[in-house]
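The values are calculated or read from the model by the stated rules, or taken from the named source; none is laboratory data. Here the structure is a predicted model, which is why all the values come from computation and not from measurement. Neighbour counts run over all protein chains shown; Cβ positions are idealised from the backbone, glycine included.
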Amino acid sequence: MNKKQAKKRIEELRNETSYHAKKYYDDDNPEISDFEYDMMMLELRNLEKEYPDLITENSLTQKVGGTVKEGFQKVTHEVPLQSLQDIFDFNELYEFDTKMQKAANTFNEELKYIVETKIDGLSAALEYVNGKFVRGATRGNGLVGEDVTSNMLTIKNIPKELSEPINITVRGEVFIGSSDFEKLNEERALEEEPLFANARNAAAGSLRQLDSNITAKRPLDIFIFNVQKSETLKFKSHYESLAYLEKIGFNVIPVKVICSNIDEVIEAINKIGEERKNFNFGIDGAVIKVDNLELREKIGTTSKVPKWAIAYKYPPEKKETIVKDIICQVGRTGAITPLAILEPVVVAGSTISKTTLHNEDFIKEKNIKIGDHIYIQKAGDVIPEVAEVLKQKRTGKEKEFVMPKKCPVCGADVVREEGESVNRCIGIECPAKIMRNIIHFASREAMNIDGLGDSIIEQLIQKGLLNNIADIYYLTYEDISSLKKEGDKFTKNLLNAIEKSKTNDLDRLICALGIRNVGTKLAKVLAKEFKNIDSLIKASIIRLNSINDVGEITANNIYEFFKQDQTIDLINRLKSAGVNTVYLKENNNDERFYGKTFVLTGTLSEFTRDEASQIIEDFGGKTSNSVSKKTSYVLAGEEAGSKLRKAQELGITIISEEEFKEMIR
């Protein structure tokens, strides 16, 4: 490659690595594997080494990749949180050793190494004053990070007070343990939330939440691995400093091996590689550091990395296996996910016998067939995934996978909306999604059954007292009082709330049924249009599509929903229980807000947003979330923000809560 070609390739690599570094460090949402990114960086580094005059300050070989997320206070690190130079073979390690031996001889210092596991997490600095934790910050770009003190206070293994009243700043790695990560992703899969790509990004995304309540729900942990700054403490070796940190209360990195020479270092790296399968935390390499702190000081650093440390990166482990079958799982919202059943194979210390295939498009893109030989690997050493299909091993006996047209759990129709990659079961009584359906049915915006919360619903399902939505209206005093810790008052209150919900207007029932794309607003439109549930059941797609607020996809969703035998059975049971199925507001002829659109902003003192919206809609008006030229009024409460400013710019009529009360008298 000549210099002109090298320059072009360097520019390409800088653009690619900058893009993927942003996805990894800032968005916590990588699009490629760590190994693929490392190979890009290795190619860039080698080209810059060959043509040093092409090196620029904006190259990621010269700086750390992260930035400060908007919403966090900036923290300037007194001691930079540097990155590490990555290597991928032992030849580079020998080169590193040669440089260290030369430095040790020059400065007449003893040379020993310490080998540690390279934890796959988010680097952070913890600051203590008089032994008390006062501030925590992310690495950011190494010089400036984010103040995440309130989030760090939720991590159990961060001591809030040390056993000695010292001033010290330490560095650690925030991570999520392997078993905790698997559990976290299982929960997200059930709730049909996007899965975390790997434990590192789950940890980073959790620590960088603007709401510490979200962070508190994530199983974050930390290992401390360095003293960044202390004006009073003096150590001769890194190993000695780690022992002290452990003594005063820190959760110190567990694997730290002292080595007298490079051969012992290689032995330690290989041993860590063999034992990593037993660790309950993800690692993506081993870190080799000079142990002598005085020698470190004399060797020095570059702007990005210390010259006295290096990181050996382990390659991802791939194993060949066979796709024995492809089955389908049904999530809590009805999403149907194909799952590959594999010939069991051990990858990165775990026996893998199944892996998700995500959706129909993923199978087509990878061209996966039942009977195929495939390479399986663990993404981030945690999630098993199909890395490659070995098409050259096909015999012709392999079978195409076809997505089912009927739900494998309940037999209801399976639909896939235009523009979506997910196939869904639309059966309202499907056992796979019954808990989520009941939770929605009882929720405030639906039937508003006070007291019938998630935990009570879960207990009733476990006891076999709730098998479908209609069972709510057949619960007895004995059924509810049989629940643990629930007394007479609670039982009576819940029964009263259930009875009260029978008198709800039709729009609440339509919303509560959980028809896809039918929320509170559209439910009101449908109730007003059809007057009773039976008319809605009989409506054709053409009739539904003729309604202004109903699009083609939504019309089809409503039509298909009421075509199911499960739906009709449920409606009949609700009617038998005495649940109202007709439009009650028909007698309200006061439509003083007809043709008017309101936008609500700020905090109201006498109404909730829902209550004010309901009043506006009862008088024939509409509410919107955004201000435009079509907006009639902006109802502004306290601390109104950007919507109020936009209304002022557009000359929209702005009304106070007092003026609104006058309008509705």
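Within the range 122-167, the residues that satisfy the criterion of being closer than 22 Å to K234 by Cα and in contact with a Lys or Arg (Cβ under 6 Å, 6 or more places away or on another chain) are A125, E127, F133, E161. Pairing each residue of the range 82-98 that is under 30 Å from K229 (Cβ atoms) with any residue that is among the polar types (S, T, N, Q) and not in a loop (DSSP other than H, G, I, E, B), provided the two are 6+ apart or on different chains, yields C-beta distances under 9 Å for Q82/T301; S83/S123.
Whenever a residue of the range 292-303 is touching a residue at least 24 places away in the same chain (Cβ under 8 Å) and closer than 18 Å to I258 by Cβ, its partners that are acidic (D, E) and in a loop (DSSP other than H, G, I, E, B), lying with C-beta atoms within less than 6 angstrom and at least six residues away or across chains, give the pairs N292/E109; N292/E110; L295/E109.
Is it fair to say P194 is free of Cβ contacts under 8 Å to residues at least 60 places away in the same chain, more than 19 Å from the chain's Cα centre (by Cα) and in a loop (DSSP other than H, G, I, E, B)? For P194, the condition - free of Cβ contacts under 8 Å to residues at least 60 places away in the same chain, more than 19 Å from the chain's Cα centre (by Cα) and in a loop (DSSP other than H, G, I, E, B) - is not met. Restricting K7, K102 to those that are at pLDDT 80 or above and exposed (fewer than 13 other Cβ atoms within 10 Å of the Cβ) reduces the list to K102.
The strands (runs of 3 or more DSSP E) found entirely in the range 577-665 that carry 2 or more residues being under 37 Å from the mean Cα position of the chain (by Cα) are 597-601, 622-624, 633-636.
Which is surrounded by 22 or more Cβ atoms within 10 Å (Cβ to Cβ), in a loop (DSSP other than H, G, I, E, B) and either not assigned by TED's automatic domain parsing to the domain that holds I616 or not aromatic (F, W, Y) (or both), of G451, G464, G427?
On inspection, the qualifying residue turns out to be G427.
Pairing residues of the range 629-655 that are touching a residue at least 12 places away in the same chain (Cβ under 8 Å) and at positive phi with residues that are surrounded by fewer than 19 Cβ atoms within 10 Å (Cβ to Cβ) and not in a loop (DSSP other than H, G, I, E, B), at Cβ distances under 7 Å and at least 6 apart in sequence or on separate chains, gives E639/T603.
Of all the listed residues (V265, V227, V257), the sole one being part of a helix (DSSP H, G or I), among the hydrophobic types (A, V, I, L, M, F, W, C) and at pLDDT 95 or above is V265. Filtering the range 232-245 to residues that are in contact with a strand residue (DSSP E or B) (Cβ under 9 Å, 6 or more places away or on another chain) and either surrounded by 15 or more Cβ atoms within 10 Å (Cβ to Cβ) or in a loop (DSSP other than H, G, I, E, B) (or both) leaves T232, L233, F235, K236, S237, H238, Y239, S241, L242, Y244, L245.
Reported count of residues in the range 297-330, each being polar (S, T, N, Q), surrounded by fewer than 19 Cβ atoms within 10 Å (Cβ to Cβ) and assigned to a strand (DSSP E or B), is 2. Among the residues of the range 109-142, count how many are touching a Gly at 6+ places or on another chain (Cβ under 6 Å) and free of Cβ contacts under 8 Å to residues at least 24 places away in the same chain. Of the residues in that region, 0 qualify. Filtered by the rule that a residue be in a helix (DSSP H, G or I) and buried (at least 18 other Cβ atoms within 10 Å of the Cβ), the range 480-510 gives I480, T491, L494, I498, S501, L506, D507, R508, L509, I510.
Take the residues in the range 230-252 that are among the charged types (D, E, K, R) and out of contact with any helix residue (DSSP H, G or I) (no Cβ under 7 Å at 6 or more places or on another chain), then tell me which one is modelled with the lowest pLDDT. Only one residue fits best here, namely E231.
When the residues of the range 81-99 are filtered to those that are among the acidic types (D, E) and not in a loop (DSSP other than H, G, I, E, B), which remaining residue is modelled with the lowest pLDDT?
Kept after step one, since they are among the acidic types (D, E), are these residues of the range 81-99: 86, 89, 92, 95, 97.
Checking the rest, the ones that are also not in a loop (DSSP other than H, G, I, E, B) come to 86, 92, 95, 97.
On the way: D86: 90, E92: 93, E95: 95, D97: 96.
Of everything passing the filter in the range 81-99, D86 is modelled with the lowest pLDDT.
Scanning the range 540-576 for residues that are in a loop (DSSP other than H, G, I, E, B) and touching a Lys or Arg at 6+ places or on another chain (Cβ under 8 Å) gives a single hit, D549.
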